[in-house]
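Student: I am attaching a structure below and will ask some questions about it afterwards.
Read-outs throughout are calculated quantities, based only on the coordinates presented, and are distinct from any laboratory measurement. What you are looking at is a predicted structure, and each value in this text was computed from that prediction instead of being measured. Here the Cβ is made from the backbone with ideal geometry for all residues, glycine too, and neighbour counts use every protein chain on show.
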């Protein structure tokens, strides 16, 4: 029985999963939009939302915890100084996951995960952004 066991293992050890989520969170907070597999995006969402909530605190201890998780002082500063203030009035729900078809090699379901109210100049891939915006406009 798997009662009260959340999250996926991704065929990795716990330290590898922690590194995977940390790296994905680093990329998402840096570029504000990334394309990854759907299960990874679904597991990344609560991880990043907790980091943004921690960044909204803005205290020295929060900054140190963010540096420990993200392994970057500049990204922690960006999170606290520019990303977190955007969501000052919002109580969660900082990210959006949009399904993006299937990967050619192995038919893995792909998704674009992005921050709501993101900075358009921080786009990871301009073509992916155009596709996502067209998909949002169509729905």
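Student: Report the gain in length on full extension from residue 17 to residue 59: 0.36 nm times residue separation, minus Cα-Cα distance, nm rounded to one decimal.
Tutor: 12.4 nm
Student: A follow-up question, please. When ranked by the protection proxy of mean other Cβ atoms within 10 Å per residue, highest first, what sequence do the peptides 36-46, 53-63 form?
Tutor: Details: 36-46: 18.1, 53-63: 15.5.
Sorting 36-46, 53-63 by mean packing, highest first, produces 36-46, 53-63.
Student: Return the equivalent ellipsoid semi-axes of the chain as a descending list in whole Å, where each equals the square root of 5 times an eigenvalue of the C-alpha gyration tensor.
Tutor: Taking √(5λ) for each eigenvalue gives 24, 21, 14 Å, largest first.
Student: For the pair residue 49 and residue 107, how long in nm is the line joining their label points, each one 7 Å along Cα→Cβ?
Tutor: 3.1
Student: Set the Förster radius R0 to 25 Å, insert the Cβ-Cβ distance between residue 6 and residue 121 as r into 1/(1 + (r/R0)^6), and round the FRET efficiency to 0.05.
Tutor: Working: r = 35 Å, r/R0 = 1.42.
Taking R0 as 25 Å, the efficiency between residue 6 and residue 121 is 0.10.
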